[in-house]
Amino acid sequence: MYRRDFLKSAALVGVVAAADGCANAFRLSPGGMASGFRMKPMERVRVGMIGVGSRGSAAVRRIVEIDGVDIVAVCDLVQERVERARKLVKDAKGKEPVGYVGVDGWKAVCDSPGVDVIYNCTSWDWHLRPCVRAMRNGKVALVEVPGSLRIDECWEYVETCEETRVPCMMLENCVYGEDEMLMLNLVQKGVIGDVVHGEGGYVHYGAEYMYPKTDAEPPTWRLEEKKGHTGNAYPTHGLGPVALAMDINRGDRFDYVVSVGSRAYSLQDFARRKFGADSKFGNYRLDYNDINTSIVKTVRGNTIMVQLNCANPRPYTRMGLVVGTKGTFGTYPARAAIESSPGAVGKTWMDEKEFAALREKYMHPLWKTLGEQARKVGGHGGMDFIMDMRWVHCLRNGLPLDMDVYDLASWSAICELSERSTLRRGEPMEFPDFTRGAWKTARPVSFA
Ligand SMILES: NC(=O)c1ccc[n+]([C@@H]2O[C@H](COP(=O)([O-])OP(=O)(O)OC[C@H]3O[C@@H](n4cnc5c(N)ncnc54)[C@H](O)[C@@H]3O)[C@@H](O)[C@H]2O)c1
């Protein structure tokens, strides 16, 4: 039984109904709302990297390009990765960070008085623990996506953040994509009208990186996560930008989700073709649906479709779409249909020239200012660099981070809820209100 289910069934049923009609509204917040708060401005931001595999080392390469930030510590389970990251920093900045190797290295990073921020790029089962320890030590916790696959862990992020008053943000880079930020701007400037529906997904053929190179190697952590699990364990790339555009946790919130999955077939089929029918991986049974489709209903009455498909040969897309009273905007490719006056809209998307003018007029100010540099440094077309520029800027200037712990928790909650719904023939699963009612008065995201 999940911890929250237990709490729900065990106690305070009357209080729950009185509070919000929400299963978790009775929980007392140890420190009050955890959004909008700021750290004292940091002259230089001292970062400890936890996990410098593929994503973590790419982050090191970006962070060394940013002024006012120093990578002072690095840890990983694998020695060569630690050395590679230390060398990257030394080559760029002249000073080598401290390195820790082994399963306990993260504790030293989280306890170090010389570290202000931890940047956690480990595999999913290591996301929560370093963040909790860092916050308890007064250090900002930044963590890769998803924050967690489990709702009880999402609560632990929220409660620790509320109690310690130290920011915790999920590194959801897609929020900073050029087209996603254009989408946000179009919505916030009223061009799309009142938004009633959104869509977002993650379609990225991943069979090649999910399996090791040879059948003799052990399964990757990504493969292990797909044994005994189904649903959507990677929802935030598509969902995050749409959630911000639809004011989720800031005037609206996720109410419930229904989810269905296709059969678990294509990854194992890939393994049989690549390694042979009798190989270890050809017989490594996965339970994870090839394609998972979820529909989220919000309290305000809107809908969001979220999809995941990493098992099939198919072009990459994050499927972003917002549909409103005055128009529609979509990504992959970026396109729009906007009513110029009631009823005046074509049956097709805007033509290229019109769309270019719309993009020029509504390009997000962050992309106007940083776009050129971001494209040069790179990271998914530059959005990763803009994300890193932002948290550094916010911390150096004593500003709140762009996303808060409630975004982390509610966006990540889809992982467990979609799995439970998928296993129960699409039964609706209710979201906890991680904000305990504060979503009603919180203000839309502003990238201050
Ligand atoms: N935002 C994005 O676009 C994006 C892209 C890829 C991956 N990710 C996320 O980044 C994370 C890492 O993915 P990856 O592709 O880099 O995986 P990876 O396997 O290449 O790297 C993970 C690293 O963490 C290390 N690690 C694991 N446990 C550790 C511990 N206790 N202490 C220190 N180090 C530890 C591993 O040794 C490994 O080097 C995942 O959460 C993934 O979902 C995000």
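Scan region 145-161 for residues that are surrounded by 23 or more Cβ atoms within 10 Å (Cβ to Cβ) and either closer than 15 Å to W106 by Cα or away from the ligand (no atom under 14 Å from the Cβ) (or both) and the total you get is 6.
Tallying residues that are under 21 Å from the mean Cα position of the chain (by Cα), hydroxyl-bearing (S, T, Y) and more than 8 Å from the ligand (Cβ to nearest atom) within region 90-144 yields 1. Selection of region 392-416 for residues being under 16 Å from the mean Cα position of the chain (by Cα) and not charged (D, E, K, R) yields L401, M403, V405, Y406, L408, A409, S410, W411, S412, A413, I414, C415. Under the condition of being buried (at least 18 other Cβ atoms within 10 Å of the Cβ) and not hydrophobic (A, V, I, L, M, F, W, C), the residues counted in region 372-392 number 5.
Residues checked against (1) within 30 Å of L370 (Cβ to Cβ); (2) not in a strand (DSSP E or B):
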| residue | (1), (2) |
| --- | --- |
| V60 | yes, yes |
| D67 | yes, yes |
| V74 | yes, no |
| A85 | yes, yes |
| V89 | yes, yes |
| V103 | no, yes |
| K107 | no, yes |
| M135 | yes, yes |
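With (1) touching a strand residue (DSSP E or B) at 6+ places or on another chain (Cβ under 6 Å); (2) within 15 Å of the ligand (Cβ to nearest atom) as the list, and V299 as the residue in question, which single condition is left unmet? Condition (2) is where V299 drops out. Among the residues of this structure, K226 counts as one that is within 16 Å of the ligand (Cβ to nearest atom) and in the same structural domain as E180 (by TED's automatic domain parsing).
Return yes or no: is L267 farther than 24 Å from P432 by Cα, in contact (Cβ under 8 Å) with a residue 60 or more places away in the chain and in a loop (DSSP other than H, G, I, E, B)? Against the criterion (farther than 24 Å from P432 by Cα, in contact (Cβ under 8 Å) with a residue 60 or more places away in the chain and in a loop (DSSP other than H, G, I, E, B)), L267 does not qualify.
The values are calculated or read from the model by the stated rules, or taken from the named source; none is laboratory data. On a predicted model such as this, the values are computed, not experimentally measured, just so you know. Reconstructed Cβ throughout: ideal geometry from the backbone, glycine too, with neighbour counts over all protein chains shown.
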